[in-house]
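So the structure is just underneath, and the comments pick up after that.
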Amino acid sequence: MKLNIALLAGDGIGPEVIDQAVKVSDAVASKFGHKITWTPALTGAAAIDAVGEPYPDETHDICVAADAVLFGAIGHPRFDNDPSAKVRPEQGLLKMRQKLGLFANVRPTFTFPSLIDKSPLKKERIEGTDLVFLRELTGGIYFGKRGREDNDNTAYDTCTYTREEVERLAIKGFEMAIQRSKKLCCVDKANVLETSRLWRETVQKLEKEYPEVEVSYEFVDAVAMRLVQWPSSYDVLITENLFGDILTDEASVISGSMGLMPSASLGEKTSLFEPIHGSYPQAAGKDIANPLATVLSAAMMFETAFGLKDEAEAIRDVVNKSLAEGIVTEDLADGGKAYKTSEVGNWLAENI
Ligand code: IPM
Ligand code: MN
């Protein structure tokens, strides 16, 4: 099979972790007889520096033309500490999500047997956790009207959802629940927010079309608590953009390191695969960041974008093997030998 993939390394540790995902993907492709064409393109601070824009048109064209997009990370501290900056790297990410119509962000959380003691949470609480968030990605407060008034002394951001936006995300949630353990949790704040009431109403209507799925409705604050108390009680969770952003960072703690969790963003024009972590600027260029979230995102890409399940499984197997054998970066080394980012990537590629 010919795989045409747009490669967006982005900022900070993005290029380093992307390099490892490319090595591993190429190793899988050669093992299974596929040919990958990687087309690199600029995003984030790197794109601002080069062309003054965090998601240039040229990058968009490359993404649209590709079968899938593999993405590293975006963000640079020089913009975070400058509230007056007119262009920010993150705007590139948001523009990309919107222009590519990437409305469903799939963020799984699972535990790795060999890391079960690395989690800050007690083993008996997290054992068996295997849940997946479906975060709405192109609506809500991220994209609502925002501004300043009252002589710059008042600021506002608005959260808006249409029935259609909720419906298409919820349908993905029901479909995913059917593939898994037929349990779906709708996370909202319907006791306070009108958008949440629209979410609940829409999901309740859809529920009738999926009688085999058991649906629960929970408030986001309660989910935040139960997620670390009894994560294994959840299976598929659907939620709006900002709630999903916050809860998936929280959920990543369960696995033991944020450097482990992959994600897929499914859309109208293409699909994009990226680690859930950020650009980790403190580690940029040091060859110490954990590449596994990006490598596992590549596994999701093989499976979701190309239907290549065995290839995805080969990547997951070799990742599990590396963890079991302690071929890990410093975030997981726990006093043992810490391997470099590139060493982990080489080991994975060689062991495919
Ligand atoms: C994420 C990130 C982004 C988000 C930032 C970088 C804009 O935190 O992908 O979760 O908030 O969506
Ligand atoms: Mn986030």
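Taken along its three principal axes, the alpha carbon spread of the chain comes to 52, 48, 42 Å, from the longest extent down to the shortest. The stretch 5-58 and the stretch 273-352 have Cα centres lying 15 Å from one another. As a size descriptor, the averaged projected area of the C-alpha convex hull of the stretch 56-164 was calculated at 11.6 nm². Scanning residues 5 or more positions from residue 129 or on other chains, those with amide H under 5 Å from its amide H are 111, with H placed 1.01 Å from N in the peptide plane. Protein heavy-atom accessible surface, 1.4 Å probe, per residue over the chain: 43 Å².
What is the percent carbon and sulfur in the accessible area of the chain, measuring with a 1.4 Å probe over the protein chains and ignoring ligands? It would help to have the intermediate numbers written out before the result.
On the way: 7690 of 15250 Å².
Heavy-atom surface of the chain belonging to carbon and sulfur, 1.4 Å probe: 50 percent.
Distance between the 7 Å Cα→Cβ label points at residue 200 and residue 212: 2.9 nm.
With the largest listed first and rounded to whole Å, the semi-axes of the equivalent ellipsoid of the stretch 112-181 from the Cα gyration tensor are 37, 22, 7. Protection proxy ranking of 334-341, 254-261, 271-278, by the mean of other Cβ atoms within 10 Å over each peptide's residues and highest first, is 271-278, 254-261, 334-341. Once backbone amide H atoms are built at 1.01 Å from N, residue 217 has 186 as its partners under 5 Å, excluding neighbours fewer than 5 places away on the same chain. Rounded to whole numbers, the Karplus 3J(HN,Hα) couplings from phi for the stretch 183-195 are 10, 10, 10, 9, 9, 8, 9, 6, 6, 10, 9, 5, 4 Hz, using 6.51 cos²θ - 1.76 cosθ + 1.60 with θ = phi - 60°, and x at Gly and Pro.
Working from the pairwise distances between different alpha carbons, so that the mean of 1/r is found and then inverted, what is the stretch 1-133's Kirkwood radius in Å?
Details: mean 1/r = 0.0588 Å⁻¹.
After inverting the mean inverse Cα-Cα distance, the result is 17.0 Å.
For the stretch 120-255, the calculated P(r) over all alpha carbon pairs, in 10 Å bins from 0 to the bin holding the longest distance, is 12, 40, 31, 12, 4, 0 percent.
Summarising the amide proton neighbourhood of residue 43: residues at separation of 5 or more, or on other chains, whose placed amide H is nearer than 5 Å comprise 10.
Give the peptides 7-13, 117-123 in descending order of average Cβ contacts within 10 Å, highest first. Walk me through the numbers on the way to the answer.
Numbers: 7-13: 27.6, 117-123: 13.0.
Top of the packing list down: 7-13, 117-123.
Across the stretch 46-62, rounded Karplus estimates of 3J(HN,Hα) from the backbone phi angles (6.51 cos²θ - 1.76 cosθ + 1.60, θ = phi - 60°) give 4, 6, 4, 4, 7, 10, x, 8, x, 9, x, 4, 4, 5, 4, 4, 5 Hz, Gly and Pro being marked x.
Shown is the FRET efficiency for residue 342 and residue 250, computed with R0 = 30 Å from the Cβ-Cβ distance and rounded to the nearest 0.05: 0.50. Beta-bridge orientation, the stretch 120-255: approximately 20 percent antiparallel, per DSSP, counting only bridges with both partners inside.
Each residue, residue 150 and residue 122, gets one label point 7 Å from its Cα in the Cβ direction; the gap between the two is 4.6 nm.
The values are calculated or read from the model by the stated rules, or taken from the named source; none is laboratory data. In this text the structure is predicted, and so the values were computed from the model without any measurement. Neighbour counts run over all protein chains shown; Cβ positions are idealised from the backbone, glycine included. These area figures cover heavy atoms from the full protein model, side chains too; ligands, DNA and RNA do not enter into them. Shrake-Rupley method; radii C 1.70, N 1.55, O 1.52, S 1.80 Å.
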